[in-house]
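Report on one structure; see the data block that follows.
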Amino acid sequence: MSSTDSNTSPDSRRLTCRLLGLAVVGLVVVCYSVSAFAIDPNRTLSQYIHNSWGLDKGFPGGSVTSIAQTPDGYLWIGTDRGIVRFDGINFRTFEVGSATPTLGPVRKLLVDGQGTLWILLQNTKLLHYRDGTFNLVRGEAENGITALGEGAGNAVLLSSLAMGVLVYKDGGFVSASESLAPGRNANQTSAAFSWSTSIAPHRLTESTAAVISLGTTSDGKIWLGTEDRGVFWLLNGGGIHAVAPQLPNLRVNCFLPIENNKLWVGTNQGVLLWNGAELGREGIPSSLRNVEALSMARDRDSNIWVGTTQTLIRINESGVSSLAQKIRSPENRATALFEDREGNLWIGGSQHLERLRDSTFVTYSLPHQQSAGALYAASDDYAWIAPAEGGLWRLKDGKYEAISTPGLAGDVVYSMTSAGTDGLWLGRRHGGLTHLEYGGGLLTAKTFTQRDGLAQNSVYAVLESHDGTIWAGTLTNGVSELKNGHFTNYTTVNGLASNTVSS
């Protein structure tokens, strides 16, 4: 059975490919410049651009079970209601018709190395989609497929209740633990999506539950996650092996292979780590040990993302952070994760789709929800912030530090300028002109007021000239020049246009 998608021309497909990385239509160069950053691990989660599509923005509904992207740029979203295609702006659902295979609830989506979209339905039927056509996989492969996963070299892995673990590669199915039957090759087995019946597949014993997740590590092991009996693995030419610990009723929802043959295992009893020799919790952040992990992904910047029943968690060299406040309430389940070719992270949940991406601009929330006032970026990578409510902070590597110099907390800093490589000059609303020096981890301050010859204690603008002279513009009493420790003041009497100096 087949159905041809004739509603999209090649030109429009190329256009949607470019648009998918953007929330709105914009210049292509902007899309490329943004996507080059991917998901920067040095940014806090609140600094990513966050987009959300729910029922109010065209998402057709349903709980998202899987996400994939085909070479034409379209994003495919599997839900418990069926399959949805997204071009970055519009959603399209595929209706069940007389000429279309039954596209019911989706369990898993996967795009192979040839660009074919594989669709595993909840009813264990398997379909593939290419060049606008859906096809139902016939023969042995339609008998009880319970899991779909990515194998080594872009191969497609299947777990069949009837045939065990199968590999689809180079146009045909074979048993994962046996070679092709003598005298046959992959091309001979491909015509009807079948495999040699002389191959004796390896299956889990009847005492184990159905396989619901599949994964591979670089040492050639194929990993099998079951519904309630834990983890197993098999190696080419060998049998199936159980992996300790045998936690009771352990449901394995997903796998995430990492380097050195290690494997993260997402279960209903937390995240476990296979370290190459044993399975346990050592090496897993404590916040992931008692959550139900529904989905996992590792992006191109080595961020590890874990979707749970409560939130989305990011793990990298900076530590562990949570995105609970970003996922829609009241359903915080992150049921599916996917990094697209632009480097954006897509998050599927209940009745909605989310996206996180970087941008050219980075936004920093001010401490205590204050309003931004004067700003200064120093040569040592510190950013100095003077909130409109008063006080002074400095920011580096995403961390704020309050400056506790006496008098600053209750005063507003109107302006800041450099004082060489180790200090700042501050123009203050009430406190005059302050020279802040920092070195060796210590901060020292010297303040000049009218007692020292400053024209006025309300300094609105401050500037250091090339010869080291400091200029202080006041609100109502002209401008002061500080040179060689001595103040010279200028007002309208000296020819200044106004005694209010704002810049």
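The values are calculated or read from the model by the stated rules, or taken from the named source; none is laboratory data. In this text, all values refer to a predicted model and were calculated from it rather than measured experimentally. All Cβ positions, glycine included, derive from the backbone under ideal geometry; neighbour counts span all protein chains shown. Surface accessibility is based on the protein's heavy atoms, side chains included, excluding ligands, DNA and RNA. Shrake-Rupley method; radii C 1.70, N 1.55, O 1.52, S 1.80 Å.
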Residue 359: passes all of (1) at pLDDT below 90; (2) in contact with an Asp or Glu (Cβ under 9 Å, 6 or more places away or on another chain) but (2)
Q) Does at least one position in the stretch 484-494 carry a residue that is small (Gly, Ala, Ser) and open to solvent by less than 50 Å² (accessible area, probe 1.4 Å)? A) no
The strands (runs of 3 or more DSSP E) lying wholly within the stretch 339-389 that contain at least 2 residues that are in contact with a Gly (Cβ under 6 Å, 6 or more places away or on another chain) and among the aromatic types (Phe, Trp, Tyr) are none
Please work out if residue 410 is exposed (fewer than 15 other Cβ atoms within 10 Å of the Cβ), at pLDDT below 95 and either among the aromatic types (Phe, Trp, Tyr) or under 23 Å from residue 476 (Cα atoms) (or both).
yes
So, first residue outside any strand (DSSP E or B) in the stretch 297-316, second residue of a type in the set (Lys, Arg) and open to solvent by 10 Å² or more (accessible area, probe 1.4 Å), Cβ within less than 6 Å, six or more apart or across chains; the pairs are 303/314; 309/333
Considering only strands (runs of 3 or more DSSP E) wholly within the stretch 210-249, the ones with at least 2 residues that are over 14 Å from residue 265 (Cα atoms) are 240-243
Looking at the structure I just gave you, is residue 362 free of Cβ contacts under 8 Å to residues at least 40 places away in the same chain, surrounded by fewer than 19 Cβ atoms within 10 Å (Cβ to Cβ), over 22 Å from residue 233 (Cα atoms) and aliphatic (A, V, I, L, M)? no
| request: Kindly indicate whether any position in the stretch 130-145 is loosely packed, with under 14 Cβ neighbours inside 10 Å and at pLDDT below 70. | output: yes
Taking the stretch 289-313 and keeping residues under 25 Å from residue 241 (Cβ atoms) and not charged (D, E, K, R) leaves 293, 296
Of those in the stretch 444-476 that are among the small types (Gly, Ala, Ser) and at pLDDT below 95, the residue most open to solvent (accessible area, probe 1.4 Å) is 445
Selection status of residue 205, touching a helix residue (DSSP H, G or I) at 6+ places or on another chain (Cβ under 6 Å) and either at pLDDT below 90 or more than 20 Å from residue 315 (Cβ to Cβ) (or both):
no
Those residues of the stretch 317-335 which are at pLDDT 65 or above, under 12 Å from residue 291 (Cβ atoms) and out of contact with any strand residue (DSSP E or B) (no Cβ under 7 Å at 6 or more places or on another chain) amount to 332
Within the stretch 395-420, residues assigned to a strand (DSSP E or B) and among the hydroxyl-bearing types (Ser, Thr, Tyr) come out as 400, 414, 415, 417, 418
